[in-house]
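Undergrad: Pasting in a structure now, in structure tokens, and then I'll have a few things to ask.
The values are calculated or read from the model by the stated rules, or taken from the named source; none is laboratory data. The structure displayed is predicted, hence computed values, not measured ones. Positions of Cβ are backbone-derived with ideal geometry, glycine not excepted, and every protein chain shown enters the neighbour counts. Ligands, DNA and RNA are stripped out before the accessible areas are found, and what is left, the full protein with its side chains, is counted by its heavy atoms. Shrake-Rupley method; radii C 1.70, N 1.55, O 1.52, S 1.80 Å.
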Amino acid sequence: MTSARLDHALETGALTLSEGARIVLLEPAVDADLSSLAAYDISVQQNFKPAFDQFEAMGHAVTTVAHGPADIVHVTLPRSRELARGLLAQAEAIAGQGLVIVDGAKTDGIDAMLKFAKSKVTIEGQMSKAHGKIFWFTARSAFQECALPDPAPIASGWTTQPGVFSADGPDDGSRALVEALPKALKGHGADLGGGWGYLTRNLLDLPGVVHVDLVEADRRALTCAEKNVHDDRVSFHWADATTWGKAGALDWVVMNPPFHTSRTPDAQLGQAFIRSAARLLRPKGTLILVANRHLPYETTLSECFQQVAELDGNNRFKILQADHPRTSEKPGRAKRR
């Protein structure tokens, strides 16, 4: 948890914060405990909707783009190196000549980030704790060239932004899913975890599709999707796909669900997407999804749907179709087609 390292630095006296300081937290983890900062003027920047909602419910001022001035800016290191460096540039811009604190796990690249920061600024303090590190320095506009660029077209013509999933172009799993989409898919459906819009734009090419709800928790990715998809049949939703929507409202769901909450694969996230799809679908509804071959989704699909089949696949991916969500009956064994 992010706060474990910050709490340790404060408790040991290695790091001291000025009384009444204005502190901006850039992208804190969804499970961050901010109680040790209760005496300070805190505001939060968060682009991940579940975390945004959680911090807002806790009574904190939350925004998707934080502005200065601030006395202290705390950066929680994300998985993306480009986004991490962009956050450092933003932190310096907000802090002026105040303090920038960088906090992250080893698995998210904190050692490499510390080495990079040392090449640009004087590190005033650092500590190791909870399988990660925290370090801090006085802002001096040393990271200006690392500022995160605005969304822009890439070579393939799609608009993306460094830091969003598959920023270099459509990922192989989504490409495989598009190739396997049933041409008979029709009616009103959703692209859960729709990212920057690749699946949604291809779904609109199917003649029977009348409306697509693109649901995405990453605000940066959704902004790119809004630039990639221009069609009156699409609605964009900045939302948590595992809780979004009205039960029994959709004819179909298509998705390439995420399976990382950190660098460690976590099948529970994809399983939550499957349960959400079953909840959203009408009694005769259909779910089409792509997954890495090793991910254990079949049991969850069988619990949630009456029929499950593999449409297509290779040694890397499997394209699965599930029909007739189990809404009122007890979960049972899926019928194989």
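Undergrad: In segment 73-97, what residues are at pLDDT 95 or above, touching a Lys or Arg at 6+ places or on another chain (Cβ under 9 Å) and not hydrophobic (A, V, I, L, M, F, W, C)?
TA: Passing the criteria: only 92.
Condition check ((1) under 27 Å from residue 221 (Cα atoms); (2) open to solvent by less than 70 Å² (accessible area, probe 1.4 Å)) across all residues:
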site: 115; (1), (2): no, no
site: 121; (1), (2): no, yes
site: 125; (1), (2): no, yes
site: 128; (1), (2): no, no
site: 132; (1), (2): no, yes
site: 135; (1), (2): no, yes
site: 143; (1), (2): yes, yes
site: 146; (1), (2): yes, yes
site: 149; (1), (2): yes, yes
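Undergrad: To continue, here is another question. Give me the residue from segment 53-84 that is of a type in the set (Asp, Glu) and over 16 Å from the mean Cα position of the chain (by Cα) and, out of that set, most open to solvent (accessible area, probe 1.4 Å).
TA: Step by step, filter segment 53-84, then rank; the result is 56.
Undergrad: Now, a different point. Just checking, does segment 149-160 include any residue being closer than 21 Å to residue 289 by Cβ and in contact with a Gly (Cβ under 8 Å, 6 or more places away or on another chain)?
TA: Pass one, segment 149-160, residues closer than 21 Å to residue 289 by Cβ: none.
No, segment 149-160 has no match at all.
Undergrad: Among (1) without any contact (Cβ under 8 Å) to a residue 60 or more places away in the chain; (2) aliphatic (A, V, I, L, M); (3) assigned to a strand (DSSP E or B), which single condition is residue 24 missing?
TA: (1)
Undergrad: Listed residues 105, 14, 39, 93; which is open to solvent by 20 Å² or more (accessible area, probe 1.4 Å), in contact with a Gly (Cβ under 9 Å, 6 or more places away or on another chain), farther than 21 Å from residue 218 by Cβ and touching a residue at least 60 places away in the same chain (Cβ under 8 Å)?
TA: Numbers: 105 fails: farther than 21 Å from residue 218 by Cβ; 39 fails: touching a residue at least 60 places away in the same chain (Cβ under 8 Å); 93 fails: touching a residue at least 60 places away in the same chain (Cβ under 8 Å).
Checking each option against the conditions leaves just 14.
Undergrad: Scan segment 6-34 for residues that are touching a Pro at 6+ places or on another chain (Cβ under 8 Å), farther than 15 Å from residue 69 by Cα and not β-branched (Val, Ile, Thr) and jot them down. Break it down into steps so the answer makes sense when it comes.
TA: Taking segment 6-34 as the starting set, the residues that turn out to be touching a Pro at 6+ places or on another chain (Cβ under 8 Å) are 22, 27, 30, 34.
Remaining after also requiring farther than 15 Å from residue 69 by Cα: 27, 30, 34.
Listed by number, the residues that qualify are 27, 34.
Undergrad: Taking the stated definitions as given, is residue 50 within 26 Å of residue 160 (Cβ to Cβ) and either of a type in the set (A, V, I, L, M) or surrounded by 20 or more Cβ atoms within 10 Å (Cβ to Cβ) (or both)? Let's see the steps before the verdict.
TA: Working: within 26 Å of residue 160 (Cβ to Cβ): yes; either of a type in the set (A, V, I, L, M) or surrounded by 20 or more Cβ atoms within 10 Å (Cβ to Cβ) (or both): no.
So residue 50 fails the test.
Undergrad: Could you please find all residues in segment 118-131 being over 20 Å from residue 16 (Cβ atoms) and modelled with pLDDT of 95 or more? I'd like the intermediate steps shown before the answer.
TA: Taking segment 118-131 and keeping what is over 20 Å from residue 16 (Cβ atoms), we get 118-120, 130-131.
118, 119, 120, listed by residue number.
Undergrad: Tally up the residues in segment 227-248 that are assigned to a loop (DSSP other than H, G, I, E, B), among the aliphatic types (A, V, I, L, M), out of contact with any Phe, Trp or Tyr (no Cβ under 9 Å at 6 or more places or on another chain) and surrounded by 15 or more Cβ atoms within 10 Å (Cβ to Cβ), please.
TA: Step one: filter segment 227-248 for residues assigned to a loop (DSSP other than H, G, I, E, B), giving 229-233, 239-248.
After this cut, where a residue has to be among the aliphatic types (A, V, I, L, M) as well, the list is 229, 239, 241, 247.
Checking which are out of contact with any Phe, Trp or Tyr (no Cβ under 9 Å at 6 or more places or on another chain) leaves us with 239, 247.
Narrowing the set further to residues that are surrounded by 15 or more Cβ atoms within 10 Å (Cβ to Cβ) leaves 239.
Summing the residues that are assigned to a loop (DSSP other than H, G, I, E, B), among the aliphatic types (A, V, I, L, M), out of contact with any Phe, Trp or Tyr (no Cβ under 9 Å at 6 or more places or on another chain) and surrounded by 15 or more Cβ atoms within 10 Å (Cβ to Cβ) in segment 227-248 gives 1.
Undergrad: Go through (1) touching a residue at least 40 places away in the same chain (Cβ under 8 Å); (2) within 13 Å of residue 289 (Cα to Cα); (3) buried (at least 16 other Cβ atoms within 10 Å of the Cβ) and name the single condition residue 198 misses.
TA: (2)
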